[in-house]
1. Find the residue count for the stretch 39-97, including only residues that are farther than 30 Å from Asp20 by Cβ and under 12 Å from the mean Cα position of the chain (by Cα).
2. Would you check if Arg69 is over 17 Å from Gly113 (Cβ atoms), part of a helix (DSSP H, G or I) and touching a Lys or Arg at 6+ places or on another chain (Cβ under 9 Å)?
3. If the requirement is being touching a residue at least 12 places away in the same chain (Cβ under 8 Å) and either out of contact with any Leu (no Cβ under 9 Å at 6 or more places or on another chain) or loosely packed, with under 12 Cβ neighbours inside 10 Å (or both), which of these qualifies: Thr86, Thr42?
4. Take the stretch 58-73 and flag every residue that is exposed (fewer than 14 other Cβ atoms within 10 Å of the Cβ) and free of Cβ contacts under 8 Å to residues at least 40 places away in the same chain.
5. Any residue at all in the stretch 22-36 that is within 26 Å of Ser2 (Cα to Cα) and hydrophobic (A, V, I, L, M, F, W, C)?
6. Please enumerate the residues belonging to the stretch 1-33 that are of a type in the set (A, V, I, L, M) and assigned to a loop (DSSP other than H, G, I, E, B).
Amino acid sequence: MSTAGVDLALMRRNARDELDVLIEHRCRAGEDPYVFLHELPTVDELVVAELHADVLDARGLTAEYALARHAGRSGRADAELHRENTERIDYEVLREIALEHPELTRTVWHMIGAIGA
């Protein structure tokens, strides 16, 4: 699936709204924004995550990917294999997003750097 036809401006507005809701929720719960703001994803990270999910869904891999991700975090004997498979899929999908949306390249490469960390 190609993500080239998506409206990034709209996706960024929606991601900003989502982030604003998260911030307000945590502030109303009594948390100090100075403490938690650095833990939250950026607007572009939310956009890339949404595009990543859309690609997996379009390829019919959402359930398989989720199960492999879960198995990779388990104590199973084949956990490392599942971890490697999901990291490979993450890399391929994120790289595709970066190629189709040059304005997201910096964010994508940052996210690729966090794979396996």
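What follows draws every value from the coordinates through simple rules; no lab data is involved. Everything numeric here is computed off the predicted structure, so don't read it as measured data. We place every Cβ from the backbone using ideal geometry, glycine too, and count neighbours over all the protein chains shown.
1. Looking only at that region, the number is 1.
2. yes
3. Thr86
4. Gly60, Ala63, Ala66, Leu67, His70, Arg73
5. No - not one qualifying residue is present in the stretch 22-36.
6. Passing the criteria: Met1, Ala4, Val6, Ala29.
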